[in-house]
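Asker: My questions will all concern the structure given below.
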Amino acid sequence: MVEPVLKLCKVKYSVVETQYRRFAVEYMEKLDPSTLDGIIIAGGDGLVHEVITGYFLNPNEKMREIPVGITPSGTANAMAHELHRHPSKTQVSIVGRAALAVAKGHTRRVDVLEVKGEQETIYALSQCSSPSQRLL
């Protein structure tokens with residue numbers, strides 16, 4: 001559902017499929033930011049977590065200038081739902097809106113959490129409630 005939108009918007013892209021757990025972390029950590037204009041994550045919350053961890057573990061500071069788009073294809077898609085709020089919650093609707101936002105270059109700043117453990121450091125995107133929502 002993402003590729004037709006990117007093609008219609010004449011976005012040049014290449015697809016990298018994950019091969020195993022933490023593949024995206026390793027791939028992103030080694031990626032040269034001068035070779036791309038943006039990153040599109042087509043996956044669920046787990047893949048988003050891996051890509052973001054590798055993104056921030058990448059030693060090249062230029063990586064932080066590269067925008068990251070999320071087009072959801074997991075089961076929960078919590079971050080994508082937070083970023084692309086709309087009354088329609090169908091999978092087709094949210095994927096379509098997300099793909100179009102990516103193709104149009106729409107960006108939005110989000111908070112990133114850094115968790116330092118004894119063995120490793122991981123990163124995650126934060127989805128905080130808006131001021132109009134109450135936490136229970």
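Asker: Specify the residue that is surrounded by the fewest Cβ atoms within 10 Å (Cβ to Cβ); the eligible residues are those in segment 11-69 that are within 15 Å of E120 (Cβ to Cβ) and among the aliphatic types (A, V, I, L, M).
Answerer: Among those residues, the one meeting the criterion is L57.
Asker: Same structure again: If you check every pair at least six apart or on different chains, which have Cβ atoms under 9 Å apart with a residue in segment 53-75 that is of a type in the set (D, E, K, R) first and a residue that is assigned to a loop (DSSP other than H, G, I, E, B) and surrounded by fewer than 17 Cβ atoms within 10 Å (Cβ to Cβ) second?
Answerer: Cβ pairs passing all conditions: K62/D32.
Asker: Scan segment 3-38 residue by residue and report those that are within 16 Å of the chain's Cα centre (by Cα) and assigned to a loop (DSSP other than H, G, I, E, B).
Answerer: Y13, S14, V15, V16, E17, T18, R22, L31, L36, D37, G38
Asker: For segment 39-66, what are the residues that are part of a loop (DSSP other than H, G, I, E, B) and at pLDDT 90 or above?
Answerer: Matches in segment 39-66: N58, P59, N60, I66.
The values are calculated or read from the model by the stated rules, or taken from the named source; none is laboratory data. The structure displayed is predicted, hence computed values, not measured ones. All Cβ positions, glycine included, derive from the backbone under ideal geometry; neighbour counts span all protein chains shown.
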